[in-house]
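The values are calculated or read from the model by the stated rules, or taken from the named source; none is laboratory data. The shown structure was predicted, so the numbers you read here are calculated from the model rather than taken from an experiment. Positions of Cβ are generated from backbone atoms using ideal geometry, with glycine treated the same way; all protein chains shown enter the neighbour counts. Heads up: the accessible areas ignore ligands, DNA and RNA and are worked out on the full protein's heavy atoms, side chains in. Shrake-Rupley method; radii C 1.70, N 1.55, O 1.52, S 1.80 Å.
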Amino acid sequence: MRAAPPRFPWSLLAGALLAAACQQEVGPPETQAPTGEAPPPAAGAPAGRPEITVRGESGEANLHVGDSAAILQTRWPKPEPGDRQNLELFTPDGNLYLRNTSPVPADGVVSQRLPLRGSHIEDYSMTGTWRVRVYRNSATVPAAETSFEVKL
């Protein structure tokens, strides 16, 4: 009886072809919020860190899921023409909830409205400590970050 020829490892070939076609570095997924303080700005970044404040629409500091909305406001020192703010908002369990890019106006103040009442935040009682990170232009290191509490 004749021995069967060896089987070709098609799955290994497919994996090698896929890896060669991609030729890109893959890092860990960006689903977890950072812990601790933001690192210092990258070399060459404009002096001064932006300041992030979070308030309710009527100015109150305490946020509840039944409130109309939260206002995330960033004050950028010395903005330059063409500057952009990239904002990332993470839920209390660390998942990315919102990513947004906005132009930075001449006065340096960027506001982002975050609906609470009638949103997934209220529908699913997403209470706890939320985290916000902001980046200037195409920076990969946050210029500033903060956290805020949403309560029942």
Check: So which residues in the stretch 61-115 are within 17 Å of F148 (Cβ to Cβ) and among the acidic types (D, E), if there are any at all?
Finding: D67, E88, D93
Notebook entry, point to check: Which of the residues spanning the stretch 132-152 are touching a Ser or Thr at 6+ places or on another chain (Cβ under 6 Å) and open to solvent by 50 Å² or more (accessible area, probe 1.4 Å)?
Noted result: S147, E149, K151, L152
Check: What residue, of P77, P103, is at pLDDT 95 or above and open to solvent by 80 Å² or more (accessible area, probe 1.4 Å)?
Finding: P103
Check: Here are some conditions: (1) in a strand (DSSP E or B); (2) out of contact with any Lys or Arg (no Cβ under 7 Å at 6 or more places or on another chain); (3) not small (G, A, S). P81 meets all but one. Which one does it not meet?
Finding: (1)
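Considering only residues that are hydroxyl-bearing (S, T, Y) and closer than 19 Å to L63 by Cα, look in the stretch 87-134 and name the one that is nearest to the chain's Cα centre (by Cα). Steps first, answer last, please.
Kept after step one, since they are hydroxyl-bearing (S, T, Y), are these residues of the stretch 87-134: 91, 97, 101-102, 111, 119, 124-125, 127, 129.
Now restrict to residues that are closer than 19 Å to L63 by Cα: 91, 97, 111, 119, 124-125, 127, 129.
Details: T91: 10, Y97: 8, S111: 16, S119: 19, Y124: 20, S125: 21, T127: 18, T129: 15 Å.
Selected residue: Y97.
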Next item on the list: Filter the stretch 123-152 for residues that are outside any loop (DSSP other than H, G, I, E, B) and in contact with a Leu (Cβ under 6 Å, 6 or more places away or on another chain) and give the result.
Entry: V132, V134, V150
Next item on the list: Confirm whether D67 is open to solvent by 50 Å² or more (accessible area, probe 1.4 Å), assigned to a loop (DSSP other than H, G, I, E, B), in contact with a strand residue (DSSP E or B) (Cβ under 9 Å, 6 or more places away or on another chain) and in contact (Cβ under 8 Å) with a residue 24 or more places away in the chain.
Entry: no
Next item on the list: Output the residues belonging to the stretch 96-131 that are free of Cβ contacts under 8 Å to residues at least 60 places away in the same chain, of a type in the set (D, E, K, R) and within 18 Å of I52 (Cα to Cα).
Entry: R99, D107, R113
Notebook entry, point to check: Taking the stretch 82-128 as the region of interest, how many residues are small (G, A, S) and touching a strand residue (DSSP E or B) at 6+ places or on another chain (Cβ under 6 Å)?
Noted result: 3
